[in-house]
Amino acid sequence: MGSRASTLLREEEIEEIKKETGFSHSQITRLYSRFTSLDKGENGTLGREDFQRIPELAINPLGDRIINAFFPEGEDQVNFRGFMRTLAHFRPIEDNEKNKDHTASEPLNSRSNKLLFAFRLYDLDRDDKISRDELLQVLRMMVGVNISDEQLGSIADRTIQEADQNGDNSISFNEFIKVLEKVDVEQKMSIRFLH
Amino acid sequence: MSDIFYFCRQGVESIMDDEVTKRFSAEELESWNLLTRSNYNFQHISLRLTVLWGLGVVIRYGFLLPLRVTLAFTGVGLLVVLTSIIGFLPNGRMKNFLSEQVHLMCYRICVRALTAIITYHDSENKPKNGGICVANHTSPIDVIILASDGCYAMVGQIHGGLMGVIQKSMVKACPHIWFERSEVKDRHLVAKRLSDHVEDKTKLPILIFPEGTCINNTSVMMFKKGSFEIGSTVYPVAIKYDPRFGDAFWNSSQFGMVNYLLRMMSSWAIVCSVWYLPPMTREEGEDAVQFANRVKAAIARQGGLVDLLWDGGLKRGKVKDTFKEEQQKLYSKMLVGTQEDRSRS
């Protein structure tokens, strides 16, 4: 006698989200309960504090950057559509999608969109380039106080050397894609649902 | 460059579902038990279901609730009156005997008031004098459930109002440990009072809930080490409620005490199982934290609960930065390792 249906999310909205993100009906309702349980203020949107309340996220060194990725430029609240849109990047790529022609727009969870998400985590000022400083900043977040400035600097320099092709001492999105050619991005940036 | 993927995925996974935040709200049920409160997405499914639910409401509020409230008042009233009377008797075996009888009787009335159906397992392991009883904490009702089967000395803060009256009269009949709010902050004082109590073998075993806060009975969270430092025998007890008849979890940020009690009394019943586990003592070379974790694992195993290392205090407070620093340290080691490999090759 399962009566777990979503009342506050209308059928049309679920259909729209399904088309846009590719999640199934049950996944959307599940994530909607999650969204509402995080939304302590009960106003239909999540602010940064709502994310920071998750302890496992708070201890993640890149927690703040990930939280930032949910909020569009300059805004402080994200609604359910926005929430789903960002989460859609992590949907696993199904086999039947791999062979489809890319007609109108690319699905949100395509390889290049996943890479774009990761690129944006590095590219703090959103100028479509990862400068040496930006790389250093993110590396510093991940290692904390355990590595000295010089050592971290040399790691950053070496990484840029390996990736940079046009010699502008920063990594553009295309160079980023090239460096990660051999990496199984689809698998590393996908979250399998347990239901 | 690709290392970022690891943290990224972990972060988003924890956004989708994490182990900790869901412990602080009531458990979700597989199928509905005809209480609106446990059905989060209430929707009109069928006429028959609504009729059944309506009937349920009538029975619960019209019949069961008044009965239970009367019993509750009787139980509490008797407790206050009788313990005060016993307080006038001189200290001695007679007093202890009477006080035990009175306490047991009143708690049993309160148990009936909640229609709590309790199954006690392994009563041969029941806590003895001079020991400390530890249990997982789901609601204040845990106290009533345990105390109706044996006599304990309670530990807690002195409250004002009705609770305060009850506490003051209880302490006249037999020694409980009530703290002033200011004293709770002084851990040494607390520890001293507790150890004085356990050394006196005529005094009753102390009842403590080391989690420090109410958890929703699907898991056991970190045990605070204070009670495990004292060094006497620890008697673990596991309490597991059956959520199909009524959810006993007290979400103190959502409901106040009176609201909570009303909800308890208007559920179908409170069904729970209590397991008395064999006593444990701290072993050589084990410090208080390890001992606490050992006891916690035993309780979790018996009750079928998830054993978590997270602190129950996360319900209200933020997580400490030390955890983040640990993650950072691990990654640094990895990063330096791979860099050295690269420079060598």
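The values are calculated or read from the model by the stated rules, or taken from the named source; none is laboratory data. In this text, all values refer to a predicted model and were calculated from it rather than measured experimentally. For neighbour counting, all protein chains shown are included, and Cβ atoms are generated from backbone atoms with ideal geometry for every residue, glycine included. Keep in mind that these areas ignore ligands, DNA and RNA; they rest on the heavy atoms of the full protein, side chains included. Shrake-Rupley method; radii C 1.70, N 1.55, O 1.52, S 1.80 Å.
The table that follows gives values for the structure above.
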{"item": "Counting DSSP beta bridges with both ends in the protein assembly as shown, the antiparallel % (nearest 5)", "result": "35 percent"}
{"item": "Largest to smallest principal axis extent of the C-alpha atoms in the protein assembly as shown, angstrom", "result": "94, 64, 38"}
{"item": "List of region A:150-195 residues, accessible area with partners at least 50 Å² below that of the chain alone (1.4 Å probe)", "result": "A:Ile155, A:Arg158, A:Lys188, A:Ile191"}
{"item": "Simple label model, 7 Å out from Cα along Cβ direction - B:Asp3 to B:Phe179, nm", "result": "4.3 nm"}
{"item": "Cα centroid of region A:7-62 to Cα centroid of region A:129-157, whole Å", "result": "33 Å"}
{"item": "Shielding by partners - mean other protein chain Cβ count within 10 Å, residues of A:134-145", "result": "4"}
{"item": "Total formal charge among the other residues, if their Cβ is under 13 angstrom from that of A:Asp133, Lys/Arg +1 and Asp/Glu -1", "result": "-3"}
{"item": "Table column - 3J(HN,Hα) (Hz), region A:117-124, Karplus curve with 6.51, -1.76, 1.60, x for Gly and Pro", "result": "4, 5, 4, 5, 5, 7, 7, 5"}
{"item": "Solvent accessible area, Å² - A:Ser148, 1.4 Å probe, full protein context", "result": "50 Å²"}
{"item": "Theoretical gain in end-to-end length, A:Arg158 to A:Ser190 [0.36 nm per residue, Cα-Cα removed]", "result": "8.7 nm"}
{"item": "Cβ-defined net charge surrounding B:Gly150, 15 Å radius [Lys, Arg +1; Asp, Glu -1]", "result": "-1"}
{"item": "Modelled FRET efficiency - R0 45 Å, A:Ile177 with B:Asp287, Cβ distances, 0.05 increments", "result": "0.30"}
{"item": "Whole-number D in µm²/s for chain A (Stokes-Einstein; Kirkwood sum over Cα pairs; 4 °C, 1.567 mPa s)", "result": "69 µm²/s"}
{"item": "Helix-derived mean residue ellipticity, 222 nm - over the protein assembly as shown, DSSP H n ≥ 4, -39500 (n - 2.57), to 500", "result": "-14500 deg cm²/dmol"}
{"item": "Under 5 Å, built H, 5+ apart or other chain: amide partners of B:Ile270", "result": "B:Ala116, B:Ile117"}
{"item": "Region B:115-132 - phi-based ³J(HN,Hα) in whole Hz, Karplus 6.51/-1.76/1.60, Gly and Pro as x", "result": "6, 9, 9, 10, 10, 9, 10, 6, 5, 5, 9, 4, x, 10, 4, x, x, 10"}
{"item": "Spin-label model distance (nm) - B:Leu104 vs A:Ser24, 7 Å beyond Cα toward Cβ", "result": "5.6 nm"}
{"item": "Dipole of region B:47-315, positive end: most advanced residue of B:Thr74, B:Trp178, B:Ala269 [Cβ charges, Cα centre]", "result": "B:Thr74"}
{"item": "Listed residues B:Pro127, B:Ala153, B:Ser139: farthest to the positive end of the dipole of region B:118-175 (Cβ charges)", "result": "B:Ala153"}
{"item": "Integer Hz, Karplus 6.51/-1.76/1.60 couplings in order for region B:282-295, x for Gly and Pro", "result": "6, 8, 4, x, 9, 8, 4, 5, 5, 4, 4, 5, 5, 4"}
{"item": "Surface accessible to a 1.4 Å probe, per residue, for the residues of region B:47-315, Å²", "result": "48 Å²"}
{"item": "As computed over region B:47-315, the Cα convex hull volume per residue (Å³)", "result": "137 Å³"}
{"item": "Sum of side-chain charges, B:Tyr107 neighbourhood, beta-carbon under 13 Å (Lys, Arg +1; Asp, Glu -1)", "result": "-1"}
{"item": "Spatially proximal aspartates and glutamates relative to A:Lys114 (Cα-Cα < 12 Å; intrachain offsets below 8 disregarded)", "result": "A:Glu106, A:Asp184, A:Glu186"}
{"item": "Taking all pairs of distinct alpha-carbon atoms in region B:139-294, Kirkwood radius in angstrom", "result": "17.2 Å"}
{"item": "Candidate residues A:Glu181, B:Glu13, A:Glu150, B:Glu286: accessible-area rank, largest first, probe 1.4 Å", "result": "A:Glu150, A:Glu181, B:Glu13, B:Glu286"}
{"item": "Links that overshoot a 30 Å alpha carbon limit, given the list B:Lys22/B:Lys329; B:Lys95/B:Lys296; A:Lys188/B:Lys296; A:Lys40/B:Lys126", "result": "B:Lys95/B:Lys296; A:Lys188/B:Lys296; A:Lys40/B:Lys126"}
{"item": "Candidates A:Asn60, A:Asn166, A:Asn79, ranked by Gaussian network fluctuation over chain A, Cα under 10 Å, top entry", "result": "A:Asn166"}
{"item": "Theoretical FRET efficiency, 1/(1+(r/R0)^6), r = Cβ-Cβ of B:Thr119 and B:Val258, R0 35 Å, to 0.05", "result": "0.80"}
{"item": "Sparse-neighbourhood loop sites, trypsin sites (Lys or Arg not before Pro) in region A:157-195 - DSSP loop, at most 13 other Cβ within 10 angstrom", "result": "A:Lys182, A:Arg192"}
{"item": "Long-range amide H partners of A:Ser172 with built H, under 5 Å", "result": "A:Ile130"}
{"item": "Set of aspartates and glutamates near B:Lys128 by C-alpha distance (under 18 Å), chain-local residues within fewer than 8 positions excluded", "result": "B:Glu100, B:Asp149, B:Asp196, B:Glu199, B:Asp200"}
{"item": "Rg(Cα)/(2.2 N^0.38 Å) for region B:74-163, N = residue count", "result": "1.14"}
{"item": "Test item: A:47-60 mean partner chain Cβ contacts at 10 Å", "result": "6"}
{"item": "Average beta carbon contacts from partner chains per residue of A:65-71, 10 Å cutoff", "result": "3"}
{"item": "Those trypsin sites (Lys or Arg not before Pro) in region A:1-87 that DSSP places in a loop and that have at most 12 other beta carbons within 10 Å", "result": "A:Arg10"}
{"item": "Contact order normalised by residue count of region B:47-315, Cα under 8 Å, 6+ apart, percent", "result": "25 percent"}
